[in-house]
1. Has the range 272-286 got at least one residue that is surrounded by fewer than 24 Cβ atoms within 10 Å (Cβ to Cβ), more than 19 Å from residue 433 (Cα to Cα) and in contact (Cβ under 8 Å) with a residue 60 or more places away in the chain?
2. Among the residues of the range 618-666, how many are over 27 Å from residue 336 (Cα atoms) and buried (at least 16 other Cβ atoms within 10 Å of the Cβ)?
3. Taking the condition without any contact (Cβ under 8 Å) to a residue 60 or more places away in the chain and surrounded by 23 or more Cβ atoms within 10 Å (Cβ to Cβ), does residue 294 pass?
4. In the range 304-338, what count of residues is obtained for those that are assigned to a loop (DSSP other than H, G, I, E, B), of a type in the set (Gly, Ala, Ser) and either over 22 Å from residue 540 (Cα atoms) or free of Cβ contacts under 8 Å to residues at least 24 places away in the same chain (or both)?
5. Quick one: what pairs do we get from the range 483-498, first residue over 12 Å from residue 106 (Cα atoms), second at pLDDT 95 or above and of a type in the set (Asp, Glu), C-beta under 8 Å, 6+ apart or different chains?
6. If you scan the range 416-436, which residues turn out to be in contact (Cβ under 8 Å) with a residue 24 or more places away in the chain and either assigned by TED's automatic domain parsing to the domain that holds residue 107 or under 20 Å from residue 270 (Cα atoms) (or both)?
7. Give me the residue from the range 533-554 that is within 25 Å of the chain's Cα centre (by Cα) and assigned to a helix (DSSP H, G or I) and, out of that set, surrounded by the fewest Cβ atoms within 10 Å (Cβ to Cβ).
8. Got a sec? Which of 56, 31, 62, 46 is closer than 16 Å to residue 14 by Cβ, in a helix (DSSP H, G or I) and touching a residue at least 24 places away in the same chain (Cβ under 8 Å)?
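The values are calculated or read from the model by the stated rules, or taken from the named source; none is laboratory data. Source: prediction; values computed, not measured. Cβ sites come from the backbone with ideal geometry, for glycine too, and all protein chains shown count toward neighbours.
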Amino acid sequence: MERMMQMKAFTATIIRFFTYLPALVMGMAILRLVELGTHASQIRALLFPAIGNDLLALVRYLPFIFLLSLPGLAMRNRVARLAWIGVTWSLLLIVQGALIAYQRATSVLLGSDLFGYSWKELQLILAGHRDTDLLMAASMVAVIALMLYVLVRKDRIENPGWKPPYAIAVLALSVPAFFLLPNQLEADSDGHQDLGSITANKAAFFADANLNYLLRPVPSASPGSVADAAYPFVHAETTPDTLGPYFNQQPAPPNLVLIIVEGLGRSFSGPGARLGSFTPFLDELAGQSLYWDNFVAPQGRTFGVLPSLLGSLPYGEHGFSSMGKNMPAHASLVSILRSQGYRTRYFTGTNLEFDNQGQFLARQGTDVISGLGQFDPGVKRGNEWGYADRELIDHELKFAGSDTCKPCLTVIQTVTMHDPFTFPELDEYKAKVTQRLDQLKIAADKRAPYQADAKIFASILYTDDALRHYFNEAKKQAGYDNTIFIITGDHRLPELPMSHHLERYHVPLIVYSPLLKAPEHIRSISSQFDVTPSLLAFLSHQYGLKTPAQASWLGSGLDMEPGFRNVHAFPLKQTKTDLNDYISGNVLLSQGRLFSIADGMEIDLLDNQGAKKKAAAQFSAFKAINAALERNKKLVPAAVLEAPALGYEETKRKLQTAALAADLGNLWVSKAKAEVVEDELRLSAQFANRADSDSPEFVPLLVVTDANGRELGESYGKATKLASNAGAEVKLQMKLKLPAGNYFASVIVSHPDTGKPIGQGQYHIPFTR
């Protein structure tokens, strides 16, 4: 009898839960509608995936919501019961609203990132983000009030519509649903738009990411693989001197200045930038430099830039620097140059403890490490993160003026292009944003997104001017004529909307020097992993510096090929806890999906199971040895680090050191340009055959899509062939019957019979009707 009473009480609790549940569902639905209302222009592409993800999240997490609610549901006292449910469900709505606000501010989802930071670092991150999402805050207050009102009304229902068998069955079925159903539905299955972060249920993504992180398996490799070795990252040093032919050699080794620009992305800097370039000085400098159009930062946040750029180092679990005192012994650009007479210096305007940057630099033996605590007392801080970039530049110039050294390695790391994007002349530079929009000829009806993010674009213009000031003053200092300047971004800032996932890693690389023979525009892909190996090979070959016979570099050297290609394979780590991307040749493996990579770092879904299998195997092997590094804290044996350094041997050098997952053929498209003249789209592109034999017959194919990737029309050119190592310009036209708006053109090397791609096309070339 007692057991029957307990079952009856438990059944009543389940029925009460389902009676209350519409109040929570209504609150979540209103928050979703508020979120989608800020993306009204994309509502057709967003609505149904968003609804699907919310329903999916409700079904999968129903048991967890029930368990959180159970103590209150079991209470007999009505006030206590409603208080428990009201507080618990209000917290769920607050979490969902806060996660939506985070995504709106950063354009990325919050997952297991919190595990990668200390409490002190989290406090700095929160203090640095001072802007309040007033729309979402007001919505949460209203939604919670409405939810509580509906909850009270539901509690007064005497005869709920749920029958016990149905209520129990739904709750029981939701348990296996958590394990069997997918976490999210795909909104951007074609890879054209980064809509997945909008349509995802933010609370479910956050919970899934943290559960997956806590329950993650330890990567392992098959017996006999490289992961069985004690030091799997060690290999012979074979980096070729690809930079040497571009420089005039001097009697003394050159000074090196590496400038790491916070958040500098290719989509708003450089020729043909998707959003228009807001770095006029860097653009001017790029025209006098070696400029890599398709350069990659292998991290999506700042945590990895110093190890990647200065050491070509693997990540470990949360980034190489995060290992702190347990960082394994290793070589780097700083340590190798310092051992051969270079004075090494580092300057930043922020806290050196963040991401363990100060500890990493100290581990290299850096002679001068200047951060937040080294500025003069009278200098005003820009925000919680530290000093604005103009103050940083003046600080470095003042120090360098009294610290002559022959030669020097200097690293400057900026911070202003970081949330909250505040600095002393903010209002002045907001006005300059409008001036820049005029210079870029951005139409009035296209300016709303720029005006909404005026503070961000103002910070970009400000940092660009700070760099202009730096170079104007550096010219006056001794040693300038024998200095090589390297400029890149630590990652692309995420707060501006991205067209696809890979854009987060797409940054420029500028190598400028009075020693350069001539400027060069380079379209081949390289990454920050390649910088240190290339600089050391250059100094070894041209100036006789000694480099280790064995190294642990992840990079193999900067590719100087002017045309588009990729001979590298390397991982990408978006956050400290997220290692899900891998580039191998001209394909990207991301979240288990394969994409082709085209000129401009544009991506397109690729159905190539062979390439996918190869890329997945390479990525799995890397993750296994990366996990072993974290466990064992071993990278390079002491015998290798202590071995005599060697000179440069030309015969042992090669740029491509890894088998690539995909070879997309020898027919390539590059330098595509699209313009609309009256009602006609006119496109020109360069087709090239890189084979040592004549190409097969192909048809140039022009495809037009809308902003959501939906095909709107296509046009063909004449079937043709190309002789070996020959190229030709192809012009295609298409009559447009489209409303005003933003569109994309793609140029495809297609088979004359099937229409399928038989070469590397160029995709998603933007144009405006």
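1. yes
2. Just the residues of the range 618-666 that are over 27 Å from residue 336 (Cα atoms), to begin with: 618-621, 623-624, 659-666.
Pick out the ones that are also buried (at least 16 other Cβ atoms within 10 Å of the Cβ) and you get 618-621, 623-624, 660-662, 664-666.
The qualifying residues number 12.
3. Here the answer is no, as residue 294 does not meet what is asked.
4. 3
5. Short answer, once both residue conditions are applied: 489/262; 490/262.
6. Across the range 416-436, the qualifying residues are 416, 417, 418, 429, 432, 433, 436.
7. The residue in question is 533.
8. After ruling out the rest, the residue left standing is 62.
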